[in-house]
Amino acid sequence: MRLLTIDIIDDQNLLDRFSKNIKHKRKIITTLKSICRRILSDANIYFGRLNIAVTDNKTMQKYNVDFLGHDYATDVISFQVDYKESRKKTGEVKKYLEGDVLVCADVAIERAIEFTWSPLEEFFLYAIHGTLHLAGYDDKNKNSRKIMRQKESEYLINIPK
């Protein structure tokens, strides 16, 4: 098994909407990778690949229609491509994950005003939320939603302002 690789895919340069400063964009990318690595590490996932793709409304809407049957742009969509667990004789469990998280920059910018914080903070929330889904968390009922919100808050503490 290979080590965990995390890539940020921003083919449309949408991170420019959060900062035109190249040093700040690098810090955003570094922080995003670090937080996602920590989420997966906390879930004992040390091997595999995670792609965080930054999208616009049009692209996100297409994925939402194609995969979830909803004809609108949404904030984040997670795709688990592969997941394996192997147990060693010592009882140690090795987890392998391949997944993609699509994060919509446009939605983050639009919705941040509602929550009185920056679009960048909203963007990070979406990436954290999607990665938590891949790490095994869900938000389908009241109790699991509460746990998910607690985890989001725990990881949001580390984001740059």
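The values are calculated or read from the model by the stated rules, or taken from the named source; none is laboratory data. All values reported here derive from a predicted model rather than from experimental measurement. Using ideal geometry, Cβ is built from the backbone for each residue, glycine included, and neighbour counts are taken over all protein chains shown.
What the table shows:
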item	result
Selection count, segment 39-49, where residues are in a helix (DSSP H, G or I) and among the β-branched types (Val, Ile, Thr)	1
Selection status of Ile35, assigned to a helix (DSSP H, G or I), in contact with a Pro (Cβ under 9 Å, 6 or more places away or on another chain) and either closer than 22 Å to Leu132 by Cβ or of a type in the set (Phe, Trp, Tyr) (or both)	no
Considering residues of segment 107-120 that are crowded, with 19+ Cβ neighbours inside 10 Å and not β-branched (Val, Ile, Thr) only, the residue modelled with the lowest pLDDT	Leu120
Lys95 being modelled with pLDDT under 95, more than 18 Å from Leu156 (Cα to Cα), touching a Phe, Trp or Tyr at 6+ places or on another chain (Cβ under 9 Å) and surrounded by 18 or more Cβ atoms within 10 Å (Cβ to Cβ)	yes
Count - residues of segment 56-87 that are β-branched (Val, Ile, Thr) and more than 18 Å from Arg111 (Cα to Cα)	2
Residue list for segment 1-54, filter: among the polar types (S, T, N, Q) and closer than 22 Å to Gly136 by Cβ	Thr5, Ser34, Ser41, Asn44, Asn51
Residues within segment 50-79 that are under 20 Å from Tyr155 (Cα atoms) and in a strand (DSSP E or B), tallied	8
Matching residues, segment 22-44, being farther than 12 Å from Phe124 by Cα and either touching a Phe, Trp or Tyr at 6+ places or on another chain (Cβ under 7 Å) or in contact (Cβ under 8 Å) with a residue 40 or more places away in the chain (or both)	His24, Lys27, Arg38, Ile39, Leu40, Asp42, Ala43, Asn44
Filter pass, Lys140 being over 27 Å from Thr5 (Cβ atoms), surrounded by fewer than 14 Cβ atoms within 10 Å (Cβ to Cβ), basic (Lys, Arg) and out of contact with any Asp or Glu (no Cβ under 8 Å at 6 or more places or on another chain)	yes
Subset of segment 1-21 that is in contact (Cβ under 8 Å) with a residue 24 or more places away in the chain and assigned to a helix (DSSP H, G or I) - its residue that is farthest from Ser118 (Cα to Cα)	Leu14
Subset tally (residues that are in a helix (DSSP H, G or I) and closer than 15 Å to Ala53 by Cβ) for segment 102-123	5
Counted residues, segment 62-90 - those being of a type in the set (Gly, Ala, Ser) and more than 23 Å from Ala112 (Cβ to Cβ)	2
Criterion (basic (Lys, Arg) and touching a residue at least 60 places away in the same chain (Cβ under 8 Å)) met by exactly one of Lys94, Lys88	Lys94
